[in-house]
Amino acid sequence: MSLSAILIPLAVSILVTAADSKKTIRKKCSQSNTSQEPILSRFNDSSLLQKTLEEHGISVEKVSDNYLTASFLGGQIAYYRQSADEPFCIDLKEIDCLDDLLNELDQIDTEYDNNVQTYTYERVMKNLPEGMLVESEEVLDDNSIVITLTVD
């Protein structure tokens, strides 16, 4: 008997789409390009968020598991949340060019998705129960992974 699992890059619950996120950020920023109120993100994992930002070349200061600051070329972003059960909120500080930042945030979203997928894949492969063997793996055009398992 075999069973297939599909790991898609967006396997995490997505709270806002990239387009909605851009609209929200534009709406909540004043003319000084500083957010007037927190912006809900879809980032849930502190270590994956920090890893993604650092891989993107952004300087990150980890204040706690629930509070990170990221220094971009044209400003600063604070990522924070009340508890580990919540997604991070974003506060923008004195962003020079909002359009440049939004483009960079799109790239970070994609990189975060890839890091989540890699983490999920490694976790699934490492924790296969006894009696389950990988029959095949296939990476599809959309970067989703199909893992077919054999169950004894």
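The values are calculated or read from the model by the stated rules, or taken from the named source; none is laboratory data. Since we're looking at a predicted model, the values are computed, not measured. Cβ coordinates were reconstructed from backbone atoms using ideal geometry, including for glycine residues, and neighbour counts include every protein chain displayed.
Of the residues contained in segment 137-147, one or more are found to be out of contact with any helix residue (DSSP H, G or I) (no Cβ under 9 Å at 6 or more places or on another chain), in contact (Cβ under 8 Å) with a residue 40 or more places away in the chain and of a type in the set (A, V, I, L, M, F, W, C). Only one entry in 51, 62 is more than 17 Å from residue 25 (Cβ to Cβ), of a type in the set (Lys, Arg) and in contact (Cβ under 8 Å) with a residue 60 or more places away in the chain, namely 51. Of the residues making up segment 90-136, those that are among the charged types (D, E, K, R), over 15 Å from residue 45 (Cβ atoms) and in contact (Cβ under 8 Å) with a residue 24 or more places away in the chain number 8.
In this entry, residue 84 passes the filter for residues that are assigned to a loop (DSSP other than H, G, I, E, B), modelled with pLDDT of 90 or more and of a type in the set (A, V, I, L, M).
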